[in-house]
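The structure appears below as structure tokens.
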Amino acid sequence: MRAPLDGLPESVTIYEVGPRDGLQNEKAIVPVADKAEFVVRLARAGLRTIETTSFVHPKWVPQLADAEELLDVLPRRPDLRYPVLVPNERGLSRALDNGVTEIAVFGSATETFARRNLNRTVDESIAMFAPVVERARAEGLWVRAYVSMVCGDPWEGDVPIAQVVSVAKRLMDLGCSQLSLGDTIGVGTPGHVTALIGALVDAGIGTDRLAVHFHDTYGQALANTLAALRAGVTTVDASAGGIGGCPYAESATGNLATEDLVWMLDGLGIATGVDLAELTATSRWMAGRLGRPSPSRVVQALSPVTGPSGLD
Ligand code: HMG
Ligand code: MG
């Protein structure tokens, strides 16, 4: 049964992060052919923005060391966007050499995570991004900025909203087009999310430039998404099957599952363009490749009765 709620958008753009955030934490290297098939199947399910990989140091994220090979085999279509993570000028050169047109830099609201994830202080990481954003824009690329640890940090605890807003403004002042709010360890709750978005809007970063990126560690991702939609955000990050986590953030588990998001949005009559059956089949297939069941409740619920595993 579909029933709308007042104050929500008519459509939502899903920014699929499964191939990047979903796979980056996997210890066993997934063959590049499987990664390519994953992206192709996600596109077939109707996803149009698919974050495919990262041009980071291969020693830091060995799973994504095949970024060049993957981009080389992916089908290019004018309606498909394949953003990639880029931390520095070396990463940008690699991305440009491989025909990338959309990138994301990724900053942190906290010093500890900046150090662990980028080997830099917050100031140093913003200084590292500045020439990346400048050159990317000069080359006509679209640039997203992530800010991580927007609700809490495993080493520093609660992260004050003013601290998030300060880093967010500095990232956007570099010239980024979109800011994705990363609740990296999934500790946020809807009231806090609402207050954070309000503070960002007050600081001049409107909801048309915001996206939300919730990890589902504490089961709050959907509730937080609804709060963000009510606040005016219309771009939501999600990972097919709910796979994922950050290798440099203790306790980070998978992102909001794309299926769980689509189920809620379908029920609210909000258009996404995603075919849930096709997407669920894709996540079940990937769960089989990874050798463990999808953590998504919707994938499990829609699985044939082969047991609760969600594995074929
Ligand atoms: P560093 O060790 O300080 O690097 O790492 P460096 O600048 O000192 O360079 C050392 C060597 O690495 C040099 O080579 C560079 O050329 C090379 P050498 O001269 O010694 O032969 N190098 C590279 N090689 C290939 N590609 C590159 C590159 N850069 C340097 N791009 C660095 C600094 C930023 C590179 C490192 O810390 C890194 O790669 N970090 C990435 C960590 C990462 O990917 N984390 C996961 C993504 S973030 C996330 O998941 C959160 C998010 O989902 C949002 C949320 O949930 O909150 C986005
Ligand atoms: Mg993430």
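Rounded to two decimals, the Cα-based Rg/Rh of region 13-302, with Kirkwood Rh, is 0.93. Please list, by residue number, everything in region 73-107 whose backbone N is under 16 Å from a paramagnetic label point 7 Å out along Cα→Cβ of R289. Once the point is set 7 Å along Cα→Cβ of R289, 73-75 turn out to lie under 16 Å by backbone N, inside region 73-107. The GNM of the chain, with springs linking C-alpha atoms under 10 angstrom apart, assigns the highest mean-square fluctuation among G186, G152, G273 to G273.
Relative to one another, the C-alpha centroids of region 4-78 and region 134-157 are positioned 17 Å apart. Longest segment of the chain with no trypsin sites (Lys or Arg not before Pro) in a DSSP loop having at most 15 other Cβ atoms within 10 Å? Answer from the scan: 77-312.
Each reported figure results from applying straightforward, stated rules to the coordinates on display, with no laboratory input. Treat the numbers as computed from the prediction; the structure is a model and nothing was measured. Every residue, glycine among them, receives a Cβ derived from its backbone with ideal geometry; neighbour counts consider all protein chains shown.
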